[in-house]
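Participant: Structure below; questions to follow.
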Amino acid sequence: MTVPKEQLLDFYRKMVLVRRFEETVEEYSKKGYVPGFIHLGVGQEAAQVGAMASFQEGDYVLPDHRSHGVCLMVGTPVTEVLAEIFGKTTGCNKGRGGSMHIADFARGNVGNNAIQGSTLVTACGLAVASQIRRTGAVTFIFFGDGTVGRGEFHESLNLAGVWKLPIVYVLVNNGYAISTRATDAHPLEDLAEMGCAYNIPGVTVDGNDVEAVCAAVGEAAERARRGEGATIVELKTYRWQGHFSGDPASYRPEEEVRAWKERCPLKATRKKLIDRKWATAEEIAAIDAAVEKEIQEAVQFAVDSPTPTEKDAVAHVYVGREVAGK
Amino acid sequence: MRTITFKDALNEALHQEMARDDRVFVLGEDVARMGGDFGVTMGLLRKFGPDRVKDTPLSEAAILGVANGAAFCGLRPVAEIMFADFLTECYDQLVNNSAKAHYMFAGKVKCPIVVRTATGAGFRAAYHHSQNVEAWFMNVPGLTIVAPSTPYDAKGLLVGAIRDDNPILFLEHKMLYGTSGEVPEELYALPIGRAEVKRPGADVTIVASMKMVHHSLAVADELDREEEISCEVLDLRTLIPFDKETILESVARTGRVVLVNEAPKTGSLNAELAATIIEEAFDALKAPVQRVNALDCPVGFAPAIEDYVVPRPEDVARAVRAVVDY
Ligand SMILES: Cc1ncc(C[n+]2csc(CCOP(=O)(O)OP(=O)(O)O)c2C)c(N)n1
Ligand SMILES: [Mg+2]
């Protein structure tokens, strides 16, 4: 499938943004600016950007632990997402969530639960609410190949199948759950096939081809909007780095990593733009430079922002009930 | 004597006990090829092979289900749940199956499983990777909870736990994995259910476990030096059933009690310890029992919040002064 020129240029800009965002988070994590551990999506930009192209105002999305890019695609300002990861009060959750718990309720990002699989059943609730209210909203749930092993995945599919819930299951298959190969953890090569047990159609596409991703997720979202129920869209991709920043990932053969880096989604999109004569090398460089400026401004913003203090510790434990501090 | 880390002591316990008893096997996420998220199961796959060292899919309920089933027919599984927070995903197996099988089936079956898991705050890993979970499991008759504080105890208690015929939740505080101490090379087992006097004293009894033992010892040394207060520090080592005799014997001598536990205060282990002391040693008390716990709120992401919420050495010192000055 081919998207129009303007859209492919937009995809390219967004993928560069996600790539540079992740690289920047890693750089500043190594410099000591980022508390906790972070999971980077370098290599998975086409999956995140292409899938979120179908996300509309009023829809819901549940990102997972490797979803900084998804959070950006919701439309939350880069500054606020970065500040959140830095644990600053200017972050979209006032620095209380961090990398694994980025949410933006006003824009439909309902946030991640770092217990893998939990959001799969939460997704059913969002979808039921939009059925009850007849809003036509679609719920996009991002999760990995490993998380298919959780019971919640199967409970979610069963319910979505029988209640025809408007959910798009965005199954990001990057081949691994930490050190465990998807092929060692599941009895199927294409995990989207699991949908057939629940009467939910499943499609498997090249997750590094942003146009293919956009088309498959778009079709699934339209199906959901028409009231025809859920779809699993499996996006085959690869994470370039370890499971978390700092994981040497010695459980993966080097040739495998090299081969996947050859299939860089940014490089592929640049090639398409050039081959179709939709952009010159100079125009592409200008996009890269504009993104870089945005990233550096966000870094400055995040670095300069204040951190929460002890006084903030006991806020929000209950609604309308206080908890004593020390 | 040789000095090794807490993590290596656990690793050695598994190596030696698996060599001694071929009924012992290990399973969990990333325990085989990678050697565990914290490296505790490193090298086991090479030595004992894939039948006895199993990487599982991301399926906590299935991990515990396999452990229970295998234990019912005579094996001695050691299951790893990567972070204690994920025990929610196999709560049913542990609470309704492991803990009750022996009772429910009139003693005809045993469930000699060990569930190893990383617990505790201090890792900047926020809500779902930092909790102290012992209180979630205290109200479950049949379940034993073991929690070492030193490499020596880690090795001996893990061996003791594997040899015990009961289901045991074995808590490993993640901030202790890198700590070092003297550990004999030979295989040894320590008894389950026995506390240890880490430091004798006359004025105040401090009861602690895991990381809080180290806080308590540091405070005891400082108060001895600076304020001539003599604290006796008890390390529970087994949280449930706790060693009532050792606690009551100490309280009978000191009459003053400070209980230190990293979990939120309400409904914590400290509540149970305090109730027991008040019930059985009321007449010996010279001051109200003091509890030092985390605040009744989640472990936050922002470092300032995390550090404030959990007990700090100064909180322990303040409680000791309070019982002395009463
Ligand atoms: C219930 C639960 N079990 C285990 C973990 C630890 N964990 C975090 S991410 C992960 C692997 C997830 O793999 P996958 O779903 O393929 O996502 P990827 O990391 O590859 O993006 C594991 C085991 C967790 N957070 N929650
Ligand atoms: Mg994966």
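Listed here are the residues, each with its yes/no results for (1) within 16 Å of ligand 1 (Cβ to nearest atom); (2) touching a His at 6+ places or on another chain (Cβ under 7 Å); (3) in a helix (DSSP H, G or I); (4) more than 22 Å from B:Ala62 (Cβ to Cβ).
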{"site": "A:Cys92", "(1), (2), (3), (4)": "no, no, no, yes"}
{"site": "A:Gly95", "(1), (2), (3), (4)": "no, no, no, yes"}
{"site": "A:Ala106", "(1), (2), (3), (4)": "no, no, yes, yes"}
{"site": "A:Gly111", "(1), (2), (3), (4)": "yes, yes, no, yes"}
{"site": "A:Leu126", "(1), (2), (3), (4)": "no, no, yes, yes"}
{"site": "A:Phe153", "(1), (2), (3), (4)": "yes, no, yes, no"}
{"site": "A:Asn158", "(1), (2), (3), (4)": "no, no, yes, no"}
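Participant: Next question, about the same structure. Quick check on this structure: which one of A:Val61, A:Val70 is in a helix (DSSP H, G or I) and either without any contact (Cβ under 8 Å) to a residue 12 or more places away in the chain or closer than 24 Å to A:Ser130 by Cβ (or both)?
Facilitator: Unique residue meeting the criteria: A:Val70.
Participant: Among A:Ala268, A:Ala315, A:Ala249, which is more than 26 Å from the chain's Cα centre (by Cα) and open to solvent by less than 60 Å² (accessible area, probe 1.4 Å)?
Facilitator: The conditions single out A:Ala315.
Participant: Something else about it: For the condition open to solvent by 10 Å² or more (accessible area, probe 1.4 Å) and within 16 Å of ligand 2 (Cβ to nearest atom), what is the one hit in B:Glu12, B:Glu29?
Facilitator: Just a single option satisfies the conditions, and that option is B:Glu29.
Participant: Enumerate the pairs (first residue in the stretch B:51-68 and closer than 21 Å to B:Ala19 by Cα and modelled with pLDDT under 95; second residue anywhere and within 15 Å of ligand 1 (Cβ to nearest atom) and open to solvent by less than 50 Å² (accessible area, probe 1.4 Å)) with beta-carbon separation below 7 Å, excluding pairs fewer than 6 apart on the same chain, so at least 6 apart or on different chains.
Facilitator: none
Participant: Follow-up question, since we're still on this one. Those residues that are within 14 Å of ligand 2 (Cβ to nearest atom), of a type in the set (Asp, Glu) and more than 14 Å from chain B (Cβ to nearest Cβ), I need them from the stretch A:204-255; list them, please.
Facilitator: Within the stretch A:204-255, just A:Glu234 meets the criteria.
Participant: Under 6 Å between Cβ atoms, which residue pairs at least 6 apart in sequence (or on different chains) link something in the stretch A:232-254 that is in contact (Cβ under 8 Å) with a residue 12 or more places away in the chain with a partner that is among the polar types (S, T, N, Q) and in a strand (DSSP E or B)?
Facilitator: A:Glu234/A:Asn173; A:Glu234/A:Thr204; A:Lys236/A:Asn173
Participant: Hey, can you tell me all the residues within the stretch A:59-89 that are more than 16 Å from ligand 1 (Cβ to nearest atom), acidic (Asp, Glu) and within 14 Å of chain B (Cβ to nearest Cβ)?
Facilitator: Scanning the stretch A:59-89 gives a single hit, A:Glu84.
Participant: Related question: Determine which single condition A:Trp278 fails, assuming it passes every other condition in (1) surrounded by fewer than 17 Cβ atoms within 10 Å (Cβ to Cβ); (2) within 14 Å of chain B (Cβ to nearest Cβ); (3) not in a helix (DSSP H, G or I).
Facilitator: (2)
Participant: Are there any strands (runs of 3 or more DSSP E) wholly within the stretch B:180-295 with 3 or more residues that are within 14 Å of another protein chain (Cβ to nearest Cβ), and if so which?
Facilitator: B:290-294
Participant: If you don't mind, there's one more thing I want to ask. Pairs needed: first member in the stretch B:1-13, part of a strand (DSSP E or B); second member anywhere, among the aromatic types (Phe, Trp, Tyr); C-beta distance under 9 Å; at least 6 residues apart or different chains.
Facilitator: B:Thr5/B:Tyr177
Participant: Can you pull out every residue in the stretch A:17-58 that is among the small types (Gly, Ala, Ser) and within 14 Å of chain B (Cβ to nearest Cβ)?
Facilitator: Answer for the stretch A:17-58, where residues must be among the small types (Gly, Ala, Ser) and within 14 Å of chain B (Cβ to nearest Cβ): A:Ser29, A:Gly32, A:Gly36.
Participant: Of all residues in the stretch A:107-121, count the ones that are open to solvent by 10 Å² or more (accessible area, probe 1.4 Å), touching a residue at least 40 places away in the same chain (Cβ under 8 Å) and facing chain B (nearest Cβ under 10 Å).
Facilitator: Summing the residues that are open to solvent by 10 Å² or more (accessible area, probe 1.4 Å), touching a residue at least 40 places away in the same chain (Cβ under 8 Å) and facing chain B (nearest Cβ under 10 Å) in the stretch A:107-121 gives 2.
Participant: Which ones in the stretch A:122-152 are within 14 Å of another protein chain (Cβ to nearest Cβ), touching a Ser or Thr at 6+ places or on another chain (Cβ under 8 Å) and within 18 Å of A:Ser67 (Cα to Cα)?
Facilitator: A:Phe143, A:Gly146, listed by residue number.
Participant: Do we have any residue at all in the stretch A:222-229 that's away from ligand 1 (no atom under 16 Å from the Cβ), at pLDDT 95 or above, assigned to a loop (DSSP other than H, G, I, E, B) and of a type in the set (A, V, I, L, M)?
Facilitator: Within the stretch A:222-229, not a single residue is away from ligand 1 (no atom under 16 Å from the Cβ), at pLDDT 95 or above, assigned to a loop (DSSP other than H, G, I, E, B) and of a type in the set (A, V, I, L, M).
Participant: Condition first: away from every other protein chain (no Cβ under 14 Å), among the polar types (S, T, N, Q) and open to solvent by 60 Å² or more (accessible area, probe 1.4 Å). Can you find one or more residues in the stretch B:95-103 that meet it?
Facilitator: Among the residues of the stretch B:95-103, at least one is away from every other protein chain (no Cβ under 14 Å), among the polar types (S, T, N, Q) and open to solvent by 60 Å² or more (accessible area, probe 1.4 Å), which makes the answer yes.
Participant: B:Gln131 - would you say it is in a helix (DSSP H, G or I) and surrounded by 21 or more Cβ atoms within 10 Å (Cβ to Cβ)?
Facilitator: no
Participant: Looking at B:Thr205, B:Thr179, B:Thr144, which one is under 18 Å from the mean Cα position of the chain (by Cα), surrounded by 19 or more Cβ atoms within 10 Å (Cβ to Cβ), within 27 Å of B:Val258 (Cβ to Cβ) and at pLDDT 95 or above?
Facilitator: Sole residue among the options that is under 18 Å from the mean Cα position of the chain (by Cα), surrounded by 19 or more Cβ atoms within 10 Å (Cβ to Cβ), within 27 Å of B:Val258 (Cβ to Cβ) and at pLDDT 95 or above: B:Thr144.
Participant: If you go through the stretch A:181-194 one residue at a time, do you hit one that is away from ligand 2 (no atom under 16 Å from the Cβ), away from chain B (no Cβ under 14 Å) and at pLDDT 95 or above?
Facilitator: Yes: the stretch A:181-194 contains one or more residues that are away from ligand 2 (no atom under 16 Å from the Cβ), away from chain B (no Cβ under 14 Å) and at pLDDT 95 or above.
Participant: Within the stretch A:161-168, does at least one residue satisfy the condition of being outside any helix (DSSP H, G or I) and within 16 Å of ligand 2 (Cβ to nearest atom)?
Facilitator: No, the conditions are met nowhere in the stretch A:161-168.
The values are calculated or read from the model by the stated rules, or taken from the named source; none is laboratory data. For clarity, every value in this text was computed on a predicted model and none was experimentally measured. As a convention, Cβ positions derive from the backbone with ideal geometry for all residues, glycine included, and neighbour counts pool all protein chains shown. These accessible areas exclude ligands, DNA and RNA; they are computed on the full protein's heavy atoms, side chains included. Shrake-Rupley method; radii C 1.70, N 1.55, O 1.52, S 1.80 Å.
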